[in-house]
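What follows is a short report on a single structure.
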Amino acid sequence: MKKIILLVTVVLVSFAANAQLAIKYTPLVFFRNMKYTIHAEYLIPGTPRVSAAIGFSQNLFPKGSGLDNYAAGTYFQQNLDKSNAGFSIDPEVRMYSRKNMEGIYFGLYSSQRFSSSQLDEYGDYYQDPVDSTFVYANPTGGIQNVKTHVAVYGIQVGYQKFFGPDDRVLIDVYAGGGTKITTRTFDAGNAALVGGYENSVNNGIAARLNFSIGFLLQKGDESK
């Protein structure tokens, strides 16, 4: 993680020396299964108010929903202690209507989310009469690992405004929607595995509505 932060810092400093650059933080991302999201937005020189941005997040939990049930006569439970919540990368491209990196904009966005899980296999399960939860029983000793990739692609519209001393503070509000593709890749597990899952792909709809706050590190020509 320290190496990643150092690399990002070097890249951002290099960008800041050449064109308009902003750093932003999105606080409300728990509903996207993320701890936080940090963005860097860079105005592409020589373009008609076009910017490119990249976001980075650490995920809260590994994606394993819907995998802890029946498969080929056995049952699976996600082992959170041996799973990895992973990370997310969010690239996007924007075109502002009147001014560089300020005002109304339209654009394309994406979110690439990665996580991995270990599924422990059981021969049976029962419902606890005390709290009605399901308890897995008779472990087979089998495990199956799964890598999950959630890819989101969509369009968005938003509004970004500078304010404060020297117009350095900013707020960014945006909304949009697109398609979500979830790909789960399973390995063969270990020698004790009785049942097992097959690789799968599921499509869905993704909605986008949030806000970010940030700081303009490098000011460019805001009149264009």
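Where the only charges are on Cβ atoms (+1 Lys, Arg; -1 Asp, Glu), what is the dipole of the chain about its Cα centre, to the nearest 20 debye?
The calculation lands at about 980 debye.
Before rounding to the nearest 500, sum -39500 (n - 2.57) across all DSSP H runs of length at least 4 in the chain and divide by the residue total; then give [θ] at 222 nm in deg cm²/dmol.
Taken over the chain, the calculation gives -2000 deg cm²/dmol.
What does the convex hull of the Cα atoms of the chain come to per residue, in Å³, rounded to a whole number?
Cα convex hull per residue, to the nearest whole number: 150 Å³.
Could you point to the residue in 64, 25, 84 farthest towards the positive end of the chain's charge dipole, with +1 and -1 charges on the Cβ of Lys/Arg and Asp/Glu respectively?
25
Give me the percent of the accessible area of the chain that comes from carbon and sulfur atoms, probe 1.4 Å, all protein chains in place.
62 percent
For a test of understanding, tell me how many lysine pairs in segment 75-224 have Cα atoms under 13 Å apart, given they are 8 or more places apart or on different chains.
Within segment 75-224, the lysine pair count is 4.
Could you report the chain's accessible area per residue, 1.4 Å probe, as an integer in Å²?
55 Å²
The values are calculated or read from the model by the stated rules, or taken from the named source; none is laboratory data. Quick caveat: nothing in here was measured; it's all calculated off a predicted structure. No Cβ is skipped: glycine too gets one built from the backbone with ideal geometry, and neighbour counts run over all protein chains shown. Ligands, DNA and RNA are excluded from the accessible area calculation, which covers all protein heavy atoms including side chains. Shrake-Rupley method; radii C 1.70, N 1.55, O 1.52, S 1.80 Å.
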